[in-house]
Structure formats: C-alpha cells, structure tokens
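Participant: Sending over a structure as structure tokens; questions will come in a sec.
The values are calculated or read from the model by the stated rules, or taken from the named source; none is laboratory data. All values reported here derive from a predicted model rather than from experimental measurement. Cβ: placed from backbone, ideal geometry, glycine included. Neighbour counts: every protein chain shown. These accessible areas exclude ligands, DNA and RNA; they are computed on the full protein's heavy atoms, side chains included. Shrake-Rupley method; radii C 1.70, N 1.55, O 1.52, S 1.80 Å.
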Amino acid sequence: MSRFLTGKWSQIKAYVPGEQPKEPGLLKLNTNESPFGPGPHVLERLGEVVDFQRYPDPGGHRAVRALADYHSLEPNQILLGNGSDELLAFAFVVYGENLVFPQITYGFYPVTAAAFGQKFREIPLDENLAVDPEDYYRAGATVVLANPNAPTGLALSRDQIQRILEKNPHNMVIIDEAYVDFGAQSLVPLIDEYDNLLVIQTFSKSRGLAGLRIGAALAQREIIEDLRKIKDSFNPYSVSKEALVAVEASLEDSDYFKRTIREVVDTRDWFSEKMRALGYQVLDSQANFVFVKGGKAYWNHLRKEGILVRYFEKRPIEEYVRITIGTREEMKRVLKVTEERHA
Ligand SMILES: *Cc1c(COP(=O)(O)O)cnc(C)c1O
C-alpha cells in the first residue's frame, strides 16, 4: 500500500475472485463458467468484427433491441454493462445507501458495498442454507438477492420474490439472475408490474461468454435512466464492439443455447444423484454448480488430483465445497477421484 492511500480505501478488502490457473491438465471447476463456450455461430460473427479503430455504439442499440425482443421488453428497459458486476456496482452506488442481503451469498456484494462506503446488513440463511423470504419483508433498505443464490444453488420461486416486492413498495429490490437460465423462475416477466424491481443478468454463465464481459440490467425505464446516468459518467464505452456483436449472435443461435443448457442441467442432476449415492449431502441446485458437503479435506483431495473447485472458509458453509458442472466426461473424472478417496 502506498502512503497516498488514505481514508476508507486503506481499509478496503478487495473481492477475491476464483483462481484462473494456467497449470496444464488442471480441471477447472471453480468459477462457474460454461464448459461449452459460446458456440460456432458466435465465434463466426466475432471474426467479422474488424473496425476496431472506431468506438463501439455507446447505446449498443442493435444488441439492446435483440435482447429486448428476446425478453418482450422495450429497449429503454435495458442497459448493457461490462459484466453484471459493473451493473451491480452502479446499482449499489445509486440505490445502495442502505443495503440488505443474505450473510451467505455472492461475495462481491459486501465488498462492493464497503468500497462505495454504503451501509449493509447481512441476514443469516435458515438452517437448510435457504433464504427465508420473510426476512426481507419491510426491509427498510435496498434488498439484494441472487436467485438462484450462490454458492448454494438454491432458488426462491417467482411468487416468493413477488411477495418480497409487495412488502417493500418503498425499497428497491435487486434480483441477480446470474444463474436463472439453469432452471429457476425469472422475474423479468414482472418488470412492467413492479417499479421497485431491478433484474441483473449476465452472459458469463449460461451463454459461455465470461471472457467478453457482458451483463444486462432489466427494469422499468426510469430505473434504467438512473443507471445509464452513472454508467455514462463513468465509462460510456464499457461494452466493447465484440461484446455487442456477441449479444446479438448468441441470441440468434437459440438452438445452441438451449442444447448446452439442457446438457449442463442433465449432467448436474446426474452428478448430484451419483454423489448422493456415494453418501455425500448435495443441496438441490438450480444453477450450473452444486454445493456438496465435504469441506477443506475434500477440496484438498480434489486439488491434489488436479481438480480445482471452490472452498469458502466461512461459517456456516465451511463444511461445503462448490463444484461447477463441467462436461459429462469431466464430471465422471470428479466422481472417479471422489470414489478413490473412499477406496
Ligand atoms: C458470476 C456472477 C456474477 C458476475 O457475472 P459477470 O457478468 O461475469 O460480472 C454476478 N452475480 C453472481 C451471483 C455470479 O455468480
């Protein structure tokens, strides 16, 4: 730390993302990326992007129009960002003077809130590691929920979140749907009904585009205007030309999108059953990862065998590891290595 860093910034602990190691042969199941990538159509369209001397369209109009059509929204109900993390950060700045979120959730929330000097309250999960919706009624603060939640993979139903929205007419409710495509119910169809709802989605997980950094904020027009104001004050060109083309191309190839999601979901359910058969407790995931009781010892065992998964040294989840769902072959390797642990 330099001697020029003062005040709150000298106290801030940065978010620690999952490792991106370069070790050959390592099976990387620690950051919930897609094992399939974006698909041939997207790669082909990306290859056509050549005019890099020009700035991208700051409004991303074509990409936004395509995404609006996909969700049956108006283009002015969508803002694209450099990953959903950027949009979450903007939302925390403009609506986050007081925040409330689960004590176990996406680790970016408390870190970002602290970085911007915002106050936040963390609510414990229930005894099954689930979010109890009633804990968020009359919150008196901006509610932030990942649905499905990370790292548990457990989801609330649309009805349960609707209840939270109705019990918070004067508070913003931010729903982070990073994993929603893997089986949970999206709140996007209710955007016209609730002026306190802000949905954040990403192209990093289900659309296999983590490396291009694409997120979307979806809400009523006034909220999108608020967010655009801060985005344009910060970096109007934060979404690259390639990212904008990838949004369009990914939405064009819906067959590939559906096929890869079905593959991940089938593999997840198959892997969960196999793990349970081996005696492991596995939470009922609706995401592209599973939360398995095994703890640091299991994490170490997998790591020694060249499989990288995520471990959180935090109560009450210190007995769990989070395993991203890879291809069927990759998950067979995880099972084999797991079985050997007990041989
Ligand atoms: C991965 C993840 C994000 C971040 O997505 P980016 O669009 O890559 O920034 C946001 N929220 C949750 C809960 C995530 O797991």
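Participant: Springs between alpha-carbon pairs under 10 angstrom, Gaussian network model over the chain: which of Val199, Val50, Val321 fluctuates most?
Facilitator: Judging by the Gaussian network model, the answer is Val50.
Participant: For the stretch 278-330, place one equal point scatterer on every Cα, skip the solvent, and apply the Debye formula. What is log10 of I(q)/I(0) at q = 0.16, 0.31 Å⁻¹?
Facilitator: With no solvent term, the Cα-only Debye profile gives -0.45, -1.35.
Participant: Return the subset of Lys13/Lys296; Lys258/Lys293; Lys293/Lys332; Lys28/Lys314; Lys8/Lys205; Lys22/Lys304 for which the Cα-Cα distance in this structure is over 25 Å, preserving the input order.
Facilitator: Long pairs (Cα-Cα over 25 Å): Lys258/Lys293; Lys8/Lys205.
Participant: What share of the DSSP beta bridges in the chain is antiparallel, in percent to the nearest 5?
Facilitator: About 50 percent, rounded to the nearest 5.
Participant: Can you list, bin by bin at 20 Å, the percent of alpha carbon pairs in the chain, starting at 0?
Facilitator: Here the calculated profile for the chain is 30, 59, 12.
Participant: For the chain, what is the charge dipole size about the Cα centre, in debye to the nearest 20, if Lys and Arg each add +1 at the Cβ and Asp and Glu each add -1 at the Cβ?
Facilitator: 1160
Participant: Translational diffusion coefficient of the stretch 138-228 at 10 °C, 1.306 mPa s, Stokes-Einstein with Kirkwood Rh over Cα pairs, in µm²/s as a whole number.
Facilitator: Using the Kirkwood radius from Cα pairs, D works out to 117 µm²/s.
Participant: If you roll a 1.4 angstrom probe over the protein chains with everything in place, what fraction of the accessible area of the chain belongs to carbon and sulfur, to the nearest %?
Facilitator: Carbon plus sulfur share of accessible area: 49 percent.
Participant: Where the only charges are on Cβ atoms (+1 Lys, Arg; -1 Asp, Glu), what is the dipole of the stretch 1-88 about its Cα centre, to the nearest 20 debye?
Facilitator: Dipole size: approximately 440 debye.
Participant: Could you please put Phe108, Phe271, Phe234 in sequence from largest to smallest accessible area, using a 1.4 Å probe?
Facilitator: The ranking, largest first, comes out as Phe234, Phe108, Phe271.
Participant: Once the Cα atoms of the stretch 254-343 are picked out, what are the Rg and Dmax in Å?
Facilitator: Using the Cα atoms of the stretch 254-343, the pair Rg, Dmax is 13.2, 43 Å.
Participant: Follow-up. Using Cα-only point scatterers and the Debye equation, what is log10 of I(q)/I(0) for the stretch 1-110 at each q in 0.17 Å⁻¹, rounded to two decimals?
Facilitator: -1.28
Participant: Right, next: Taking only protein heavy atoms into account and a 1.4 Å probe, give the accessible area per residue of the chain in Å².
Facilitator: Accessible area per residue, the chain: 47 Å².
Participant: Subtracting the Cα-Cα distance from 0.36 nm times the residue separation, let me have the gained length for Ala130 to Arg341 in nm, one decimal.
Facilitator: Full extension of this stretch gives 73.0 nm more.
Participant: Could you pull out which residues in the stretch 62-79 have an amide N less than 18 Å from a spot 7 Å beyond the Cα of Ser254, following the Cα-Cβ vector?
Facilitator: It comes to 63-75, nothing else.
Participant: I've got another one for you. Give the accessible area for Phe36 in Å² (nearest 10); use a 1.4 Å probe, count only protein heavy atoms, and leave out ligands, DNA and RNA.
Facilitator: We get 70 Å² for Phe36.
Participant: Helix-only mean residue ellipticity at 222 nm, the chain, DSSP H runs n ≥ 4 weighted -39,500 (n - 2.57), per residue, nearest 500. What is it?
Facilitator: After summing the helix terms and dividing by residue count, I get -11500 deg cm²/dmol.
Participant: So, one more: Test of understanding: extend the Cα→C-beta vector of Ser10 to 7 Å, then name every residue of the stretch 102-119 with backbone N under 12 Å from that spot.
Facilitator: Answer for the stretch 102-119: none.
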